[in-house]
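Taking it in order: structure first as C-alpha cells, then the write-up.
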Amino acid sequence: MTEEVTQEETWLTQEAFDRLSKELEHLSGPGRAEIAEKIEAARDEGDLKENSGYHAARDEQGKQEARIRQLEVLLRNAKVGSSDSDGKTVAPGTVVTASVAGNSMRFLLGNREIAGDSDIDVFSEKSPLGAAVLGVKAGDKTSYEAPNGKTIEVKVDSVEAFTG
C-alpha cells in the first residue's frame, strides 16, 4: 500500500503544533524502545509462526511508524499561528456556522489534528464541503456536488477564528 503525501501547508495552532511535536518526540524515542522491548520479549517466547504476542507487537510497531511519518510530514509543512481569516471570510483555522442543505452546522475548517480533544466537527479544506466554503464570506451562498451527484446548497452564516 502506497501512501500519497502532499507537500501542502497545513495551518496549526501553536497548541496543536506543540502537542503533536511532543507526541512525535515520544513515539520516535521512548515509544520505539517500548515496542522493541515488546517484540524482543515476544520473540523469546518461541516459535514466531504461532506467536500472537510477537505478531501483535509487530503490528503495533507498523502503526506507530506510520504515525511517526504522518506527524513528520504534518509538522514539516505546518504554518503555525493564528488563522489568516479577517473574521468575515472562511479560511483554514476558522469555525464556520452554516446552513447546509437547510440544516445548521458548526464546524472547524482545517486538519482534524487542530481540534485536539475538542468535540467540534472538523472538515478538511479538501473535502467537498470544505472546498465549497473556502474563501466564502459570511452571509454569502455557495454549493457543492455531493458524492451521490446531488447539489448541496450552503449559506455561510458566520465565521470566527478557532481558539482551541
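The values are calculated or read from the model by the stated rules, or taken from the named source; none is laboratory data. Please read all numbers here as calculations on a predicted model, not as lab measurements. Glycine gets a Cβ as well: all are built from the backbone with ideal geometry, and neighbour counts include every protein chain shown. Ligands, DNA and RNA are stripped out before the accessible areas are found, and what is left, the full protein with its side chains, is counted by its heavy atoms. Shrake-Rupley method; radii C 1.70, N 1.55, O 1.52, S 1.80 Å.
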Requested in this report: Take the residues in the stretch 128-161 that are among the β-branched types (Val, Ile, Thr) and assigned to a strand (DSSP E or B), then tell me which one is farthest from the chain's Cα centre (by Cα).
Outcome: Thr151
**Report entry** Gln70 vs. criteria open to solvent by 30 Å² or more (accessible area, probe 1.4 Å) and either over 30 Å from Val156 (Cα atoms) or among the hydroxyl-bearing types (Ser, Thr, Tyr) (or both)
**Finding:** yes
Report task. Confirm whether Glu34 is in a helix (DSSP H, G or I) and over 30 Å from Gly110 (Cβ atoms). Result -> yes
Report task. Please work out which residue is modelled with the lowest pLDDT, limiting yourself to the stretch 106-135 and to residues that are of a type in the set (D, E, K, R) and open to solvent by 40 Å² or more (accessible area, probe 1.4 Å). Result -> Asp117
Query - Sole exception among (1) outside the structural domain of Ser21 (by the TED database); (2) open to solvent by 30 Å² or more (accessible area, probe 1.4 Å); (3) touching a Lys or Arg at 6+ places or on another chain (Cβ under 8 Å) for Val96, by number - result: (2)
Report summary line: Selection from the stretch 106-126 of residues aliphatic (A, V, I, L, M) and in contact with an Asp or Glu (Cβ under 8 Å, 6 or more places away or on another chain) yields Leu108, Leu109
Report task. Return yes when Thr151 is at pLDDT 90 or above, polar (S, T, N, Q) and buried (at least 18 other Cβ atoms within 10 Å of the Cβ) and no when it is not. Result -> no
Report task. For Ala138, state whether it is open to solvent by 50 Å² or more (accessible area, probe 1.4 Å), among the aliphatic types (A, V, I, L, M) and either within 21 Å of Lys22 (Cβ to Cβ) or touching a Gly at 6+ places or on another chain (Cβ under 9 Å) (or both). Result -> no
